[in-house]
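To start, the structure under review is shown below, and the notes come after it.
The values are calculated or read from the model by the stated rules, or taken from the named source; none is laboratory data. What you see is a predicted model, and the numbers here were worked out from it, not measured in a lab. So basically every Cβ, Gly included, is an ideal-geometry build from the backbone, and we count neighbours across all protein chains shown. Side chains are part of the model used for accessible areas, which takes the heavy atoms of the whole protein and leaves out ligands, DNA and RNA. Shrake-Rupley method; radii C 1.70, N 1.55, O 1.52, S 1.80 Å.
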Amino acid sequence: MTKIEKIVLSYSGGLDTSIILKWLQETYGCEVVTFTADLGQGEELEPAQAKAEMAGVKDIRIVDLREEFVSDFVFPMLRANALYEGQYLLGSSIARPLIAKHLVDIAREVGADAIAHGATGKGNDQLRFELAVNALDPSIKVIAPWRQWNIRSRMQLLEYAEKHRIPVPSDKRGEAPFSIDANLLHTSTEGKSLENPAEVAPDHIYQRTVDPVDAPDAPEIITIGFERGDPVSVNGKAMTPAALLTELNGLGGRHGVGRLDLVENRFIGMKSRGIYETPGGTILLAAHRGIESITLDRAAAHLKDEIMPRYAELIYNGFWFAPEREMLQALIDQSQAFVSGEVTLRLYKGSASVISRASPCSLYSADLVTFEESAIAFDHHNAEGFIRLNGLRLRSWAARNGR
Ligand code: ARG
């Protein structure tokens with residue numbers, strides 16, 4: 001085994017990463033620095049501090065990354081209207097490069113030669129962490145205990161905890177719990193009964209959205225302000241990126257917006273089934289498309305839609321810090337210069353529907369499109385020629401086919 005001098009561990013304070021912490025200390029016999037990020041997962045972070053102290057960690061980092069997460073990762077992704085496989089808003093995928101970036105920064109600062117994470121060998125997250133480290137600092141080694149140790153079952157994991165006096169909370173004693181990943185953008189739940197896609201997800205899985213059936217009978221009307229492609233206000237009140245997403249999560253959650261039950265294709269090669277709750281992100285996607293509908297040129301909008309699946313796949317597969325993602329981002333960002341204005345939506349029993357939009361940079365011309373007499377010169381004969389020329393090849397084709 002290669003000699004490691006110092007490790008920075010991505011540490012949640014939960015049972016799994018507490019066991020990983022111990023295992024790293026034992027296996028490598030070196031100092032482990034813990035890094036815990038507040039991404040708005042809605043969990044108390046003080047226990048992580050206390051647990052790391054108990055495990056003898058001297059350098060404990062707990063950092064609030066909520067604003068950076070939303071402004072530098074979530075919003076750039078939303079500018080692209082990114083959806084993986086047509087439906088997934090990439091809530092876990094987009095958080096990993098941010099965590100990796102901070103792991104690398106801390107490793108450099110404290111002179112660590114390795115970083116460690118708690119992602120398993122079957123998932124996407126290991127790729128996202130490690131491809132990011134490859135792109136940011138190839139000299140840093142990555143330790144992925146789940147791929148290295150010989151713990152092969154939940155039982156063995158709990159045995160390891162007992163043996164090393166790592167407290168196991170009572171709700172973690174039995175069978176494996178759901179695998180949950182939460183941040184300001186979403187909550188994702190996988191595992192257990194969800195592994196059978198033919199089985200309906202139990203209602204208690206949902207954590208931040210009500211069942212649309214139980215949502216208020218009265219719709220709620222909200223207005224979101226955009227500037228250059230990014231949301232900046234809710235109901236006329238200017239907000240920071242993280243505050244704005246938090247606000248929309250509350251509004252959307254109450255109206256059952258943003259639930260998704262999905263079978264997706266993991267990069268590593270298998271299908272998996274997960275439940276996603278992305279209330280604020282779902283509202284923002286609808287609103288962003290709403291403001292783009294009046295401010296983007298047709299060809300610009302269609303080009304964005306063409307590259308979107310490619311861009312989303314890059315994020316899903318872990319290529320956030322890759323030249324092609326940055327090239328696509330530059331294209332997307334440039335398209336947003338005039339994407340400013342206000343969108344009004346109705347939240348009602350699971351849906352977030354755009355009901356009006358307005359912009360000082362609008363390309364929409366009522367005068368041009370009107371059925372009434374128009375002040376703008378539009379020669380209807382031009383439409384006739386336009387159709388004749390577009391139909392030219394269709395007429396040849398039909399004649400050849402004998403129609
Ligand atoms: N399948 C999702 C993705 O790859 C979520 C992964 C993490 N979620 C979890 N519950 N462990 O982005």
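By DSSP, the beta bridges lying fully in segment 1-91 are antiparallel in about 10 percent of cases. Fraction of C-alpha pairs exceeding 16 angstrom in segment 254-349: 67 percent, rounded to a whole number.
Of all DSSP-defined beta bridges confined to the chain, some 70% are antiparallel rather than parallel. For segment 148-285, the relative contact order is 24 percent, taking Cα pairs closer than 8 Å that sit 6 or more residues apart in sequence and dividing their mean separation by the residue count.
Are there any GluC sites (Glu not before Pro) in segment 29-93 that are in a DSSP loop and have at most 15 other Cβ atoms within 10 Å? List them by number. In loop regions of segment 29-93 (DSSP not H, G, I, E or B), the sparsely surrounded GluC sites (Glu not before Pro) are Glu43, Glu44, Glu85.
For the pair Arg173 and Ser71, a Förster radius of 56 Å applied to the C-beta separation gives a FRET efficiency near 0.90, rounded to the nearest 0.05. What the pair-distance distribution of the chain shows, using all Cα-Cα distances binned every 20 Å from zero, is 24, 50, 21, 5, 0 percent. In this entry, segment 75-221 is assigned a mean projected area of 13.2 nm², taken as a quarter of its C-alpha convex hull surface. Kirkwood hydrodynamic radius of segment 115-163, from the reciprocal of the average inverse Cα-Cα distance over all distinct pairs: 12.0 Å. For segment 227-304, the fraction of C-alpha pairs farther apart than 16 angstrom is 63 percent. Under the criterion of Cα pairs below 8 Å and six or more residues apart, the relative contact order for the chain equals 17 percent.
By the helix-only formula, in which each DSSP H run with n ≥ 4 contributes -39500 (n - 2.57) and the sum is divided by residues, the chain has a 222 nm mean residue ellipticity of -12500 deg cm²/dmol. Taking all protein chains as shown and a probe of 1.4 angstrom, Ile221 keeps an accessible surface of around 90 Å².
Across segment 9-57, the fraction of Cα-Cα pairs farther apart than 14 Å, rounded to a whole number, is 44%. For a modelled paramagnetic label at Leu368, 7 Å from Cα along Cα-to-Cβ, the residues of segment 291-332 in reach, with backbone nitrogen under 12 Å, are 294-299. Axis of helix 15-28 versus longest Cα principal axis of the chain: the two differ by about 60°, to the nearest ten degrees. Mean silhouette area of segment 339-403, derived from the convex hull of its C-alpha atoms and averaged over all directions, reads 9.2 nm². Distances between placed amide hydrogens fall under 5 Å for Lys6 paired with Asp113, Ala114, all partners being 5 or more residues away or on another chain.
If R0 is 60 Å, what FRET efficiency do you get for Asp203 and Ala399 from their C-beta distance, rounded to 0.05?
The computed FRET efficiency comes out at 0.50.
Set the Förster distance to 25 Å, then compute FRET efficiency between Val213 and Ser356 from the Cβ-Cβ distance, nearest 0.05. Rounded to the nearest 0.05, the efficiency is 0.35.
Given in Å, the Rg to one decimal and the Dmax to the nearest whole number for the Cα atoms of segment 152-230 are 19.4, 56.
Note the angle between two axes, namely the Cα long axis of helix 154-163 and the longest principal axis of the Cα atoms of the chain, as a number of degrees from 0 to 90, rounded to the nearest 10. In the chain, helix 154-163 runs at an angle near 40 degrees to the longest axis. To test your reading of the geometry: what angle, between 0 and 90 degrees and rounded to tens, separates the Cα axis of helix 323-335 from the longest principal axis of the chain? Around 40 degrees separate the two axes. Based on C-alpha pairs under 8 angstrom that are at least 6 apart in sequence, segment 152-202 has a relative contact order of 20 percent.
For segment 161-232, the list of trypsin sites (Lys or Arg not before Pro) that fall in a loop by DSSP and count at most 14 other C-beta atoms within 10 angstrom reads Arg165, Arg173, Arg228. Computed on protein heavy atoms with a 1.4 Å probe, the accessible areas place Phe378, Phe226 in the order Phe378, Phe226, largest first.
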